[in-house]
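**Student:** Have a look at the structure that comes next, please.
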Amino acid sequence: MTRLADISRRRFLGGALAFGATATLAACGYQEESGGAGSDSGNTWSYTDDRGRKLDGPRPQRIVAQVTAAAALWEFGVRPIGIFGPSKLPNGQKDPQVGNVDVNRVQSLGNVWGEFNYDRYVSLNPDLLVSVMYLRNELWYVPEEQAGQIEKVAPTIGVNLAGVSMPDGIEKFRTLAQKLGGDVDAPSVTQAKQAWDRADAEFGATVSATRGKKLMLASATQDGMYVGNAQGFPSSKHLADKGLTFVEPAAPGDGNYWEQLSWENAGKYQADAILLDSRFGNLQPRDLTAFPTWQQLPAVKAGNVFAWNPETPFSYRAATEQLNRLARDLKQI
């Protein structure tokens, strides 16, 4: 998605080259395979990730995970010992991307794009590293220049989320968590799933209420505005699949996520409502009052600008919260 929260984080996503540490795969016990998730029994497991790499042998116990993956695994009872990626805001509060992870119980290897404390990672003696992928074979928040080194320490798993809807993404992590020994049928999970099912069913009323209205995904920085492709992001793909109508940017960048517009051209697309990237580092409505082209957008004039997190944690709880909030907001337009 050529834009995460700021240019240093590749604007979710950026145009970085995918890495392939194929030279180290044999040493890590990988097998190239094109099957499903595999099976496990007792204290052993078998799992094939979305790069076609199969892992088997003793079930990993000491897991390090990028915060998107960590938040999802935590939902299903799997407790990583280390995390990397945005987990704390400058004011000390938790970043929403880390979900329910208890940040006081895990070691952080880095909180911003490009930061991965390799020495600390090695000291954790990890059995497995888990990250998500938005570009082919690129582990999100694993620095390209350290990728080969990191691959040599422990096997890695890549969970592809490109073009995957929110429910399907949650199911991917449910499957992985089950392989890692998580209790995916715990009462808390069952209750969260039931709440999600109710919210998802009730969202049909929101779709009906917004029939004929057009929405636009946007992310704003000092340098310009980015218009998002709804099919690229799991949360918005689900909204589109439910029947909401979105602006379709003509020229999204690498990964088919965002089209970058200068502020002079910010009026290229018109919409009845804007879902604005709420992640830390992006400009919010209070920051945009000095941009005339933003102020002239129909959705802004109508007061129809609503918060949206492109990296909502893949948990039933987080997904339900965002869906319910958007349902309330969109019924106003």
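**Student:** Any residue that is in contact with a strand residue (DSSP E or B) (Cβ under 7 Å, 6 or more places away or on another chain), of a type in the set (A, V, I, L, M, F, W, C), closer than 24 Å to THR44 by Cβ and surrounded by fewer than 20 Cβ atoms within 10 Å (Cβ to Cβ) - is there at least one of those in segment 90-103?
**Tutor:** no
**Student:** OK, next. Report the residue count in segment 281-309 for those that are within 26 Å of the chain's Cα centre (by Cα) and at positive phi.
**Tutor:** 1
**Student:** What pairs come up if the first residue lies in segment 198-209 and is farther than 13 Å from GLY243 by Cβ, the second is hydroxyl-bearing (Ser, Thr, Tyr) and surrounded by 13 or more Cβ atoms within 10 Å (Cβ to Cβ), and their beta carbons are under 6 Å apart, counting only those six or more places apart or on different chains?
**Tutor:** Between residues of segment 198-209 that are farther than 13 Å from GLY243 by Cβ and residues that are hydroxyl-bearing (Ser, Thr, Tyr) and surrounded by 13 or more Cβ atoms within 10 Å (Cβ to Cβ), the close pairs are ALA199/THR320.
**Student:** Looking only at segment 284-333, how many residues end up being outside any helix (DSSP H, G or I), within 24 Å of ASP168 (Cα to Cα) and not aliphatic (A, V, I, L, M)?
**Tutor:** Within segment 284-333, residues that are outside any helix (DSSP H, G or I), within 24 Å of ASP168 (Cα to Cα) and not aliphatic (A, V, I, L, M) number 8.
**Student:** Then there is this: How about segment 217-241: which of its residues are among the aromatic types (Phe, Trp, Tyr) and part of a strand (DSSP E or B)?
**Tutor:** TYR226
**Student:** Give the residues of segment 111-141 that are of a type in the set (Gly, Ala, Ser) and surrounded by fewer than 22 Cβ atoms within 10 Å (Cβ to Cβ), sorted by residue number.
**Tutor:** Matches in segment 111-141: GLY114, SER123.
**Student:** Based on this model, can you work out whether GLY204 counts as surrounded by fewer than 17 Cβ atoms within 10 Å (Cβ to Cβ) and at positive phi?
**Tutor:** no
**Student:** Ok, one more. Of all residues in segment 255-283, count the ones that are in a loop (DSSP other than H, G, I, E, B) and surrounded by 13 or more Cβ atoms within 10 Å (Cβ to Cβ).
**Tutor:** Total satisfying the criteria: 13.
**Student:** Name every residue in segment 252-277 that is among the small types (Gly, Ala, Ser) and within 11 Å of ALA220 (Cβ to Cβ), in order of residue number.
**Tutor:** Listed by number, the list holds a single entry, ALA266.
**Student:** Give segment 152-175 a look and list any residue that's modelled with pLDDT under 95 and either more than 30 Å from ASP185 (Cα to Cα) or surrounded by fewer than 17 Cβ atoms within 10 Å (Cβ to Cβ) (or both), or say none.
**Tutor:** GLY163 - this is the single residue of segment 152-175 that is modelled with pLDDT under 95 and either more than 30 Å from ASP185 (Cα to Cα) or surrounded by fewer than 17 Cβ atoms within 10 Å (Cβ to Cβ) (or both).
**Student:** Can you name every residue in segment 185-210 that is in a helix (DSSP H, G or I), more than 23 Å from the chain's Cα centre (by Cα) and under 12 Å from ARG328 (Cα atoms)?
**Tutor:** Within segment 185-210, GLU202, ALA205, THR206, VAL207, ALA209 meet the criteria.
The values are calculated or read from the model by the stated rules, or taken from the named source; none is laboratory data. Treat the numbers as computed from the prediction; the structure is a model and nothing was measured. Cβ: placed from backbone, ideal geometry, glycine included. Neighbour counts: every protein chain shown.
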